[in-house]
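Working notes, beginning with the structure itself.
The values are calculated or read from the model by the stated rules, or taken from the named source; none is laboratory data. What you are looking at is a predicted structure, and each value in this text was computed from that prediction instead of being measured. Using ideal geometry, Cβ is built from the backbone for each residue, glycine included, and neighbour counts are taken over all protein chains shown. Note: accessible area is taken over every heavy atom of the protein model, side chains too, but ligands, DNA and RNA are not part of it. Shrake-Rupley method; radii C 1.70, N 1.55, O 1.52, S 1.80 Å.
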Amino acid sequence: MKKYCEFYWSNKIGLKYLLNIGYKIRKENWKIQEHAGLDLIPCNDFSFYDHVLDMSFLLGSIPKYYSLIPMKHDIDLYFYLTRGVQKDGCNIYKGNGND
């Protein structure tokens, strides 16, 4: 998935393609578990980037200043939180924690 996210970030693939890859990976994982004979298939074993970030979105604990950044799709906000953003006059730096 990381490879496809990097392709998306560098505009080598579009959003539709990225989302389709994510769907295919989730579907393959479910089929593997089904064929292994599991009665109950676990969920949330997939993430585009980070499971902790996924939980942050689920709980709505996203800093409000990120909502001011123009974006085409919610997944862009997701990636801005992981990588920072420098766009349209916005400069939100994702440091290493030592800044």
note = Scanning region 1-45 for residues that are more than 18 Å from Tyr78 (Cβ to Cβ) and in a helix (DSSP H, G or I) gives Lys24, Lys27, Glu28, Asn29, Trp30, Lys31, Ile32, Gln33, Glu34, His35
ask   = Do you know which of the residues in region 1-45 that are open to solvent by 70 Å² or more (accessible area, probe 1.4 Å) and basic (Lys, Arg) is farthest from Val85 (Cα to Cα)?
value = Lys31
inquiry  = Looking at region 48-71, I want the residues that are over 19 Å from Lys2 (Cβ atoms) and in contact (Cβ under 8 Å) with a residue 12 or more places away in the chain and have a partner that is small (Gly, Ala, Ser) and open to solvent by 90 Å² or more (accessible area, probe 1.4 Å) with Cβ atoms under 9 Å, at least 6 apart or on another chain. Which pairs are those?
reply    = none
request  = Restricting attention to region 46-57, report how many residues are open to solvent by less than 80 Å² (accessible area, probe 1.4 Å), hydrophobic (A, V, I, L, M, F, W, C) and in a helix (DSSP H, G or I).
outcome  = 2
